[in-house]
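Q: Below is the structure I would like to discuss, written out as structure tokens.
Just so it is clear, none of the values below were taken in a lab; they were calculated from the coordinates. Just so it is clear, the structure is predicted and the values come from calculations on it, not from any experiment. All Cβ positions, even for glycine, are placed from backbone atoms using ideal geometry, and neighbour counts span all protein chains on display.
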Amino acid sequence: MGLDKADRNPVAASGVGRWLLPAIVLLVAVLLALGGEMARQWLRFDREAIDAGELWRLVSGHFAHLGWPHFALNAAGLVLVWYLVGDVFDRLRWILIGTFTVITIDIGLWVFDPALMWYVGLSGLLHGILAAGLVEKLRKPDTEALALVALLLGKLAFEQFSGPMPGSETTAGGTVVVDSHLFGTLGGVVAAILLRIRVRHTASI
């Protein structure tokens, strides 16, 4: 059995099964959004609160949103990203990638962006998912994969040197934390590489 076949889960790649994980993510985000401003205050990545021991915020902050427009923007992004790369890995590997990406974003924001006091949203995780999928697709690159890589790198470079993409803050209804996109991308790339090393090691045994 080739590595390509070993890496793909027929259930995850099929219609309903493929969309189970993003559906769960969106359901969780909707439930949190229904809590309104009080829930957002209690769930967001908040530096002072985390420092005081409220560690759940390291996870919940990625699923809370500024409001419904922010949620809608991230939901549309998740649907698009999953359509592009959602069949690249099976569910377990996507869960591992998502977990690693969230941890990477948290560490990145905490250590390298000390002025950031709070953060909410899925966008960092979305960048990690897309980056991980593209790393895997580049094993057999096609025009679409190369174009997406160029767009992702161009977007990250623009954000780091010029700030948020034009119109993104107006649409989201608040400040866009572009560093979360950078750290999310790094997390996704590293996670995909580690999984590939693991597959090769297992195949060689």
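Q: I need to check one value: relative contact order of the chain, counting alpha carbon pairs closer than 8 Å and at least 6 residues apart, in percent.
A: Details: 262 pairs, mean separation 53.2, N = 205.
Answer for the chain is 26 percent.
Q: What does a probe at I103 reach in the range 33-54, counting residues whose amide N is under 18 Å from the point 7 Å along Cα→Cβ?
A: The answer is none.
Q: Okay, moving on. Calculate one ³J(HN,Hα) per residue across the range 79-95 by plugging θ = phi - 60° into the Karplus curve 6.51 cos²θ - 1.76 cosθ + 1.60, and present them in order as whole Hz with x for glycine and proline.
A: 4, 5, 4, 5, 4, 7, 10, x, 9, 6, 10, 7, 4, 4, 5, 5, 5
Q: Roughly what would the spin-label model give for F158 and L138, points 7 Å off Cα along C-beta, in nm?
A: The modelled label-to-label distance comes out at 2.0 nm.
Q: Turning to a different aspect of this structure: Using the Karplus curve 6.51 cos²θ - 1.76 cosθ + 1.60 with θ = phi - 60°, what ³J(HN,Hα) values do you get for each residue of the range 185-194, in whole Hz, with x for Gly and Pro?
A: 4, 4, x, x, 4, 5, 4, 5, 5, 4
Q: Taking amide H atoms as placed 1.01 Å from N in the peptide plane, list the residues 5 or more away in sequence, or in a different chain, whose amide H sits under 5 Å from that of F45.
A: G61, Y119
Q: Compute the signed sum of charges (Lys and Arg +1, Asp and Glu -1) over the other residues within less than 15 Å, Cβ to Cβ, of T104.
A: Values: positive: none; negative: D106, D113, D179.
Net charge around T104: -3.
Q: Kindly write out, for the range 67-76 in residue order, the coupling ³J(HN,Hα) from the Karplus curve 6.51 cos²θ - 1.76 cosθ + 1.60 (θ = phi - 60°), rounded to whole Hz, with x marking Gly and Pro.
A: Each residue's phi maps through the Karplus curve to give x, 5, x, 5, 4, 4, 4, 6, 5, 4 Hz.
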